[in-house]
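Peer 1: My questions will all concern the structure given below.
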Amino acid sequence: MSHLMNTYARQPVTFAKGEGVWLWDEGGKKYLDAVAGVAVNSLGHAHPRLAQAVCEQAKTLIHTSNLYQVAKQEALAEKLCGLAGMDKAFICNSGAEANEAAIKLARMYGHGKGVETPTIIVMEKSFHGRTMATLTATGNRKVQAGFEPLLGGFVRVPYNDVNAVAQIAEHNQNVVAILVEPVQGEGGIQIPAASYLRELRSLCDAHGWLLMLDEVQTGIGRTGTWFAFQQAGIVPDVMALAKGLGGGFPIGACLAKGAAAEVFKPGNHGSTFGGNPLACAAALATLTTIEELDLCRNAAEIGDYIRTSMTAQLEGVAGVVQVRNAGLMVGIELNKPCAELVKRALEQGFLINVTADSVVRLLPPLIMTRDEAAQLITMLSKLIKEFLAG
Ligand SMILES: *Cc1c(COP(=O)(O)O)cnc(C)c1O
């Protein structure tokens, strides 16, 4: 009997080692990894640059706490702000924590403006994490059920619906921020209209709201640019990052710009572990490697290659609703629930994910080559065809 709490429906496999986009289980069977630890292993497995940075830092200094200056944390904040065009960063340990920081920041920003019940606009089908505030912000009843009472201070509108947001502006004086994913990942790789973020930016500017982007999944090169917002030609006030940031090492960040960057004062927020030298060394090595290997561009190219090839392979196949992607966030939507594909793929030696019941989700490492992508496409298109035919 396992002594772990029963929180996950795990696949019956234990991985023993990895290299690049490949994993090996305890029996020595090899798998092509198109999940990357849920968009986390941006450099694939056992990348020598990341391994070396973590080893060297571990031999030097792992943790000192935020009672003291942390040079690597300063360096990471400077690097992230430079890449994103933001002003300040708060370093934490996960995506939920990055969003918690954003939510607390928005509330304090609201109180600073004299709003007594600051309210954040959030979206249907969104995912922001599993803490009480972030599960309240999440637009999925399954994530919330059993954990009531939820927090106050959120209003929900449909995703990709600017008018719904504009209507709230007309009658709700308590709104202080919008929290939104540039592409909904857990929601099924939902890609909004190209104008969506720009129009939300305009509404935020008109009403003095903060535009807060949850780029926990979309950020760090995943969609083909460092951050998804860069493709919309806007800059947010607040952005949450995690997943790919540490290349597998747990780390998150909440970035802010302008007035939002000045909200927190000493004592307002904190973390014991957040931004320790080891985590920051891992993130810095991940970022510089992505930069030097031009992996944002690779994500864009390989993602588009997977979409066009899968579209061609699945052309005319009844039951395929749509193949879509934003860089290496790829979704293949079928017309029926397809969770069982995960297990079938595992048996055949490759890892995929299914989300929103009927969307096959691919989140491969950003280092995936065209040849590796071709192997994935061959195996996956065959699997989907067999599934839909049977
Ligand atoms: C994964 C995810 C989170 C939660 O991140 P954790 O590190 O699991 O807390 C939040 N937002 C989005 C968009 C995510 O994809």
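Peer 1: Check cross-link reach from Lys72 to the aspartates and glutamates: straight Cα distance under 19 Å, and skip same-chain residues fewer than eight apart.
Peer 2: Glu56, Asp87, Glu291
Peer 1: If I take all pairs of Cα atoms in the chain, what percentage of them are more than 34 Å from each other?
Peer 2: 28
Peer 1: A further question follows. Using label points projected 7 Å from each Cα along Cα→Cβ, tell me how many nm separate Ala75 and Glu19, to one decimal.
Peer 2: So the two model labels end up 2.9 nm from each other.
Peer 1: Give me the 1.4 Å probe accessible area per residue for the stretch 49-292, excluding ligands and nucleic acids, in Å².
Peer 2: For the stretch 49-292, the solvent-accessible area averages 41 Å² per residue.
Peer 1: Antiparallel versus total DSSP beta bridges in the chain: what percent is that, nearest 5?
Peer 2: For the chain, the DSSP antiparallel bridge percentage is about 65.
Peer 1: Step through the table entries Lys243/Lys343; Lys125/Lys336; Lys125/Lys243; Lys59/Lys243; Lys125/Lys265; Lys88/Lys113, compare each Cα-Cα distance with 30 Å, and write down the pairs that go over it.
Peer 2: Table pairs above 30 Å Cα-Cα are Lys125/Lys265.
Peer 1: Follow-up. What are the residues whose amide H is under 5 Å from the amide H of Leu150, where those residues sit 5 or more places off or on another chain and H is modelled from the backbone?
Peer 2: none
Peer 1: Show the residues, 5+ positions off or on another chain, whose built amide H is closer than 5 Å to the amide H of Gly248.
Peer 2: Ser42
Peer 1: Using the Karplus equation 6.51 cos²θ - 1.76 cosθ + 1.60 (θ = phi - 60°), what ³J(HN,Hα) coupling, rounded to whole Hz, does each residue of the stretch 174-179 give in order, writing x for Gly and Pro?
Peer 2: Per-residue couplings from phi come out as 8, 5, 10, 6, 10, 10 Hz.
Peer 1: Something else now. Round to a whole number: what % of the accessible area of the stretch 85-213 belongs to carbon and sulfur, probe 1.4 Å?
Peer 2: 50
Peer 1: Taking only C-alpha pairs under 8 Å that are 6+ residues apart, what is the relative contact order of the stretch 221-355 in percent?
Peer 2: Relative contact order of the stretch 221-355: 24 percent.
Peer 1: Quick check on the stretch 191-325: take the gyration tensor over C-alpha atoms, sort the square-rooted eigenvalues as a ≥ b ≥ c, and tell me if it's rounded (a/c under 1.5), prolate or oblate.
Peer 2: Oblate.
Peer 1: Can you give me the distance in nm between label points at Leu61 and Asn172, each placed 7 Å from the Cα along the Cα-to-Cβ direction?
Peer 2: It is 4.5 nm.
Peer 1: Note down the nm distance, to one decimal, between modelled labels 7 Å out along Cα→Cβ at Lys385 and at Asp161.
Peer 2: 3.9
Peer 1: Convert each backbone phi in the stretch 203-216 into a coupling constant with the Karplus relation 6.51 cos²θ - 1.76 cosθ + 1.60 (shift: θ = phi - 60°), then list the ³J(HN,Hα) values in order as whole Hz, x for Gly and Pro.
Peer 2: These are the phi-based 3J(HN,Hα) values: 4, 4, 5, 5, 10, x, 8, 8, 8, 10, 9, 8, 9, 4 Hz.
Peer 1: Can I ask one more? What part of the accessible area of the stretch 237-390, given as a whole %, is carbon or sulfur when the probe is 1.4 angstrom?
Peer 2: 51
Peer 1: When the Cα centres of the stretch 324-390 and the stretch 138-195 are compared, how far apart do they sit, in Å?
Peer 2: If we compute the Cα centre of each part, the gap is 28 Å.
The values are calculated or read from the model by the stated rules, or taken from the named source; none is laboratory data. Since we're looking at a predicted model, the values are computed, not measured. Every residue, glycine among them, receives a Cβ derived from its backbone with ideal geometry; neighbour counts consider all protein chains shown. Please note that ligands, DNA and RNA were not included when accessible areas were found on the heavy atoms of the full protein model with its side chains. Shrake-Rupley method; radii C 1.70, N 1.55, O 1.52, S 1.80 Å.
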